[in-house]
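Input: a single structure, listed below in structure tokens.
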Amino acid sequence: MTKEIDTGVFLPVGRHGWVHSVNAPAAEDASYARVLRVVQAAESIGFDFVLSPSIWRGRKGPSQHWGDVLESLTTSAALLQATAQIKVYSTAHMTVFPPATIAKMVATMDQIAPGRAGLNVVTGPSYLDLAHIGLWNDDLAHDERYDMGDEWISVVKRLWTEEVVDHKGRFFETLEGTMGPKPAVMPRLINAGASPRGFRFAAENCDVAFISAGDDPAAIETARRGKEIARDLGRDGFATYGVVSLIPAATDEEADARLDHFNAGVDLECLDDIEAGYSQNRNRAALSDASTSLSGGVERSCVLPGTMVGSYETLARRLATAITEGDLDGLMVMVPDYVEDLDGLARHTFPLLPDLGIHHRVAVQPG
Ligand SMILES: Cc1cc2nc3c(=O)[nH]c(=O)nc-3n(C[C@H](O)[C@H](O)[C@H](O)COP(=O)(O)O)c2cc1C
């Protein structure tokens, strides 16, 4: 079976990206200058999109993980202006912003770069991330946050497409609401809900769902099941993109040594702080295991569960299995050093994928 996939980069808008270690590459300092360089590099080697997450708090601990973090929507607007082809997906917490504010901002981004703005909508699984600056809504249980999301997204879509919007719902109200300009192209809507309720929200309301990419039977089964749920809902055009953290090197041994070096500086205080972010959520019982999967807090490792570590060739083989077996339509990567590692993957891993049945647009330009 051959597959044509979209490829993307999960941007390091927070210091040290997703490596929780004092030995994480210092280059990922979460400055706008660095993120811009990463995005320009990603664009020049043919990645289709970048996604900037929405993060509101740094972690405790000596590595000062996410101690500095760029706001997602303003960063994305600037990145759209600074690029020519790559799609830029921003992230908004539906529990923080009223729908009209985000509808307006994303419609404006569509003016900056027609057809290239997209939106990742999240409910926000971490209490600590939002509560410290008064952004946590404690009235809503986990699944209710997605009920609110259903209504939120419906108001956004109506403001993007209808001349006058009268809406009176459980959470939001508009009174002869108007909004112009309308986006020329409907912005792509994305969600990464990992719980059954979260995935249903994505399949019913969005164009793309992010799913942890893996080549183990459980990850493959989850990915395939996601596709089936969307199909059962009649969403044939719905896409599933795998998201994966990679630690590449020339050889398997060198890749293992990189991980060992990062783990020698693992920031345990940071991992405890991440875990506290979830456990202080009084609706924790409703959180799926996957809710914490981006945190690294589940294992005492400085990298995320499911991180693929290996030579460029090993990674090509493992990624091809994850994509083919999981029936994924796209792949979004995280790496320790976003300029060096993306370049390495583009030179040595992506060129191997077509022979493994995976077609994509990543290619290093000669010269
Ligand atoms: C690729 C990806 C991007 C995400 N981006 C954010 C984000 O920017 N902000 C955030 O609070 N949560 C983010 N999340 C968390 C998810 O939106 C979701 O809450 C989490 O996967 C748990 O699923 P659940 O909400 O269905 O329990 C992200 C998750 C993934 C896999």
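Using Cα-only point scatterers and the Debye equation, what is log10 of I(q)/I(0) for the stretch 118-199 at each q in 0.13, 0.15, 0.25 Å⁻¹, rounded to two decimals? Calculated log10 I(q)/I(0) at the listed q: -0.51, -0.67, -1.22.
In percent, how large is the relative contact order of the chain, given Cα pairs closer than 8 Å and 6 or more residues apart? Please list the in-between numbers first.
Numbers: 774 pairs, mean separation 85.6, N = 367.
Contact order relative to length: 23 percent.
Look at where the Cα atoms of the stretch 14-89 and of the stretch 321-358 average out, and the two centres are 19 Å apart.
Summing Lys and Arg as +1 and Asp and Glu as -1 over all other residues whose Cβ lies under 15 Å from the Cβ of residue 264 gives a net charge of -1.
When the chain is treated as a GNM with alpha-carbon contacts under 10 Å, the residue of 50, 165, 303 showing the greatest mean-square fluctuation is 165.
Please give me the summed charge of the neighbours of residue 348: other residues whose Cβ is under 11 Å from its Cβ, Lys and Arg +1, Asp and Glu -1. If you can, show how the numbers build up before the last one.
Values: positive: 347; negative: 313, 341, 343.
Here the count lands on -2.
Binning the C-alpha pair distances of the stretch 7-91 at 10 Å intervals from 0 yields a P(r) profile of 19, 52, 25, 4 %, listed from the shortest bin outward. Average the reciprocal distances over every distinct pair of alpha-carbons in the stretch 1-155, invert the result, and give the Kirkwood radius in Å. 16.6 Å is the Kirkwood radius here. Each label was represented as a point 7 Å from its Cα along the Cα-to-Cβ direction; for residue 101 and residue 228 these points are 4.1 nm apart. Which residue, 171, 47, 350, has the most motion in a Gaussian network model of the chain that connects Cα atoms within less than 10 Å? Comparing 171, 47, 350 in the GNM, the peak value goes to 171. At the listed q of 0.10, 0.12 Å⁻¹, the Debye profile of the chain, built from one uniform point per Cα, gives log10 I(q)/I(0) equal to -0.60, -0.88.
The sum of -39500 (n - 2.57) across all DSSP H runs of n ≥ 4, divided by the residue count of the chain, sets its helix-only mean residue ellipticity at 222 nm to -12000 deg cm²/dmol.
Take the Cα of residue 250, step 7 Å along the line toward its Cβ, and report every residue of the stretch 307-328 whose backbone nitrogen sits under 16 Å from that point. Counting only backbone N, you get 310-314.
Just so you know, all these numbers are worked out from the coordinates, no wet-lab data involved. Keep in mind it's a predicted model, so treat the numbers as computed, not measured. Please note: Cβ atoms are built from the backbone with ideal geometry, for glycine as well, and neighbour counts cover all protein chains shown.
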